[in-house]
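Let me begin by presenting the structure, written as structure tokens, before commenting on it.
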Amino acid sequence: MQKTGLYALLAILAFALIFAFLPGADRGGAKTDATLRGVELRLFPARDPDAVWSFSAQNVSSNPVSNETVLTGISGGKRVLKERDASGKLTGRETLDATLDAPRLTIDGQDDITTRQARVTLVKQCADIVMKGTPEQPVRIEQGYGFSTPVADIDSPNLTGHVEKMRMSFDFNIEDSDNERSTTTFNIDATETCRNGQRVPI
């Protein structure tokens, strides 16, 4: 697992732990976490090696006991894919795959991301997906797979609808859902199509 954007946070945490155990340190109010403010963070998921997530966050808090990192005040959330040539070698270029807007994110030790609510735009499909969860069943982004959420509203040129108990891959395939409570429409007479991440008239 590589979290390049968190190296500085971990270094500060190490110093905090050292000072916590110095003679005369006040341990009555000691905390196990460390917080940084105004952070640009990049996440390189071990289970999805061609993907890179990046965020700007007003606050980033890391807890080594729970092995969780919490981001708040988030902007500029996005997922890019490293480009490979025909032989499978990396070209050094990246393409924007998705954008993510959420008020708060938690990254666990497996690089998976959870949140109470999120808006994701899949660029290649021009698909806007608004997902809502609960504390018990949050919206979940599973690295190397996609999304799971109790409730999702989808708007794209080819598919619109309301989906419950949804699991969706990053390439916009709904793998599972509660069919009795979901209503989706395939727009066979769509007036728009997706081209270079933009909706354009057909």
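None of the figures in this text is laboratory data; all of them are computed from the coordinates on show. Keep in mind it's a predicted model, so treat the numbers as computed, not measured. Don't worry about glycine lacking a Cβ; one is built from the backbone with ideal geometry, like all the others, and counts go over all protein chains shown.
Observations on the structure shown:
- Net charge over other residues, Cβ less than 12 angstrom from the Cβ of T183 (K, R count +1; D, E count -1): -3
- Label point 7 Å beyond Cα of T99 along Cβ direction - residues of region 35-56 with amide nitrogen under 17 Å: 53-56
- Computing FRET efficiency as 1/(1 + (r/R0)^6) for H162 and R47, where r is the C-beta to C-beta distance and R0 is 30 Å, gives about 0.50.
- A86/T184 FRET efficiency (R0 30 Å; Cβ-Cβ; nearest 0.05): 0.25
- Separation of the alpha carbons by more than 27 angstrom is noted, of K89/K124; K82/K132; K124/K165, for K82/K132.
- For region 32-197: rounded, prolate or oblate by the Cα gyration tensor [a/c cutoff 1.5]: oblate
- Working from label points 7 Å from Cα in the Cα-to-Cβ sense, the Q58 to T191 distance is 4.0 nm.
- By average C-beta atoms within 10 angstrom, highest first, the peptides 95-103, 174-182: 95-103, 174-182
- A full extension of the chain between E40 and R199 corresponds to an added length of 54.3 nm, given 0.36 nm per residue minus the alpha carbon distance.
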